[in-house]
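Written out below as structure tokens is the structure these notes cover.
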Amino acid sequence: MNLVEKILARGSGRKAIKPGDVVVAEIECAILHDLSARSCRVVFENQVGGSLKHPERIVVVFDHQFSPPTEDKAEVLLKTREFCYKHGITLYDCGNGNVHVCTMQNAHIRPGALVVGSDSHSPVHGVMGVFSAALGNDSYAAMVMPHSNCWFRVPDAISIELVGEPKPGTTARDVALWLCATIGEGKGNYYAIKFHGEYIDSLPFWDRWLFPLMAVDVGAKCSYIEPDATTEKFAQSLGLKDYEIVRDDLGTKFAESWRWDVSAIEPQICFPPTVGNVRPIREFAGIPIQWAELGGHGGGRSEDVEMAAHVLRSANKHPRVNFNIVPSSRHVFSEAVGNGNLSLLHERGATWFPPSTGANQAVNMGAMAAGEVTISTHARTFPGRNGSPKSCMYLASALSVAAAAVAGKIVDPREML
């Protein structure tokens, strides 16, 4: 069996399972952000009721409404806050980071665990060697909250092997964007995707993170990277103990096995209307921008802040560009304070926001007027997601975002290395 099958088999009390089986499995960690927590709370209170079986396994992070702009938004957070207090749910209130990085950085994701999330990018936690999938709000309210379990159809699996070494200026985010377009949106529908190969093995933990992050955009139910020394070192840095390392059986069979060499990939850019539209960034060079942002579920990592500091160490941001930096967690913010990147980027004209999901859906920030253009490390680029449907959001690496913030237009970041 592969890693996903082993975890689902253990969670459902079975010795073995196969693709297509339907199992009811025990949930070990359930993650919600403020928008979905509100929906789950309403359904639970109005249609289910009673107590929560394992409230200590549920984690809520206020990452979209990180500073409620209206009274009704504040009221929503207040009611959810009271619900968490009443039932003993772990709550990370406003300013703690985005839901995925916050829960990972605060040691809620243990290798080998069965994890569910309310956000579509929940498969990202597969970087820790877990089964992690997104659930709908009603499933949370009807099964996870009162029973601490949920049903799953066991997915078949695809093996993706990445080899080679990209040239300077091409980051892990560029490779992930390229891979999403190369596979194609929906081509991995309901599969479990395993990422591996010498390129994946060479990456530090938070760069590996970017590959399970994009799995949902090709339709995957979940994704994973088999745990190794990098995984265990990260888990131990969080103080995690008593976890189970789960790996594929030797000779595990996959429905499909794909292999790509990443050596020739150059810096990429994703353009509207969907995340499958990706081309070399040089083809878009010269397009003026008004906004640049490091943040969202795809960015705001310490690695992103460091790339921005590298670019802006010798240049200010362009006077007509608003360059926003949104740390993905308080840990990232603290690191920027400690290593001097916070003050450097502030002095170069960037604006720091509270740890959160930033301009995601423009819930608290990031709305654009018709004709405005932004380049960001976010994970989605749908028209109208951030204000006017006549505005435009491009997705790229932190290196490309910082380079554009300095130039005032989209550029090939290799020009600034």
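Helical runs assigned H by DSSP (4 residues or longer) give the chain a calculated mean residue ellipticity at 222 nm of -8000 deg cm²/dmol, each run adding -39500 (n - 2.57) before division by the residue total. Atom-type composition of the exposed protein surface of the stretch 61-156 places 48 percent of the accessible area on carbon and sulfur (1.4 angstrom probe).
In a simple Cβ point-charge model (Lys, Arg +1; Asp, Glu -1; nothing else charged), the stretch 71-131 has a dipole of about 260 debye relative to its Cα centre.
So what does the Cα-only Debye profile of the stretch 329-417 read at q = 0.13, 0.18 Å⁻¹, as log10 I(q)/I(0), no solvent term? With no solvent term, the Cα-only Debye profile gives -0.49, -0.93. With all pairs of separate Cα atoms included, the stretch 187-293 yields a Kirkwood hydrodynamic radius of 16.8 Å.
Surface analysis of the stretch 284-417 yields an accessible area of 37 Å² per residue, using protein heavy atoms and a 1.4 Å probe. Note on Lys79: aspartates and glutamates with a C-alpha under 15 Å away, same-chain residues under 8 apart excluded, are Asp34, Glu45, Glu71, Asp93. Checking the table Lys167/Lys253; Lys167/Lys317; Lys6/Lys233; Lys187/Lys317; Lys194/Lys241 against a 31 Å threshold on Cα-Cα, which pairs fail? Table pairs above 31 Å Cα-Cα are Lys167/Lys253; Lys187/Lys317. The alpha-carbon of Lys53 sits under 17 angstrom from the alpha-carbons of these lysines, leaving out residues fewer than 8 places away in its chain: Lys86.
Relative contact order of the chain: 18 percent, from C-alpha pairs under 8 Å at least 6 residues apart in sequence. According to the Cα-based calculation, Rg over Rh for the stretch 1-90 is 1.11, with Rh computed by the Kirkwood formula. One quarter of the surface of the convex hull around the alpha-carbon atoms of the chain equals 19.1 nm², the direction-averaged projected area. Distance from the alpha carbon centroid of the stretch 3-25 to that of the stretch 177-236 works out to 21 angstrom.
If I model the stretch 3-244 as equal point scatterers sitting on the Cα atoms and use the Debye formula, what is log10 I(q)/I(0) at q = 0.07, 0.10, 0.14, 0.15 Å⁻¹? Treating every Cα as an identical point scatterer, log10 I(q)/I(0) equals -0.23, -0.48, -0.92, -1.05. Of all DSSP beta bridges confined to the chain, the antiparallel ones make up roughly 20%. A Cβ-based charge dipole, computed about the Cα centre of the chain with Lys and Arg at +1 and Asp and Glu at -1, lands at about 400 debye. Between the listed residues Gly295, Asn316, Phe284, the Cα displaced farthest toward the positive end of the dipole of the stretch 283-357, a dipole computed from Cβ unit charges relative to the Cα centre, is found at Asn316. Each of Ile410, Phe211, Asn46 was scored by the projection of its Cα onto the charge dipole of the chain, and the greatest displacement toward the positive side belongs to Asn46; charges sit on the C-beta of Lys, Arg, Asp and Glu. Each peptide in 42-54, 114-126, 268-280 was scored by the mean count of other Cβ atoms within 10 Å over its residues; highest first, the order is 114-126, 268-280, 42-54.
The values are calculated or read from the model by the stated rules, or taken from the named source; none is laboratory data. Remember, it's a predicted structure, so these values are computed and weren't measured experimentally. Cβ coordinates were reconstructed from backbone atoms using ideal geometry, including for glycine residues, and neighbour counts include every protein chain displayed. Please note that ligands, DNA and RNA were not included when accessible areas were found on the heavy atoms of the full protein model with its side chains. Shrake-Rupley method; radii C 1.70, N 1.55, O 1.52, S 1.80 Å.
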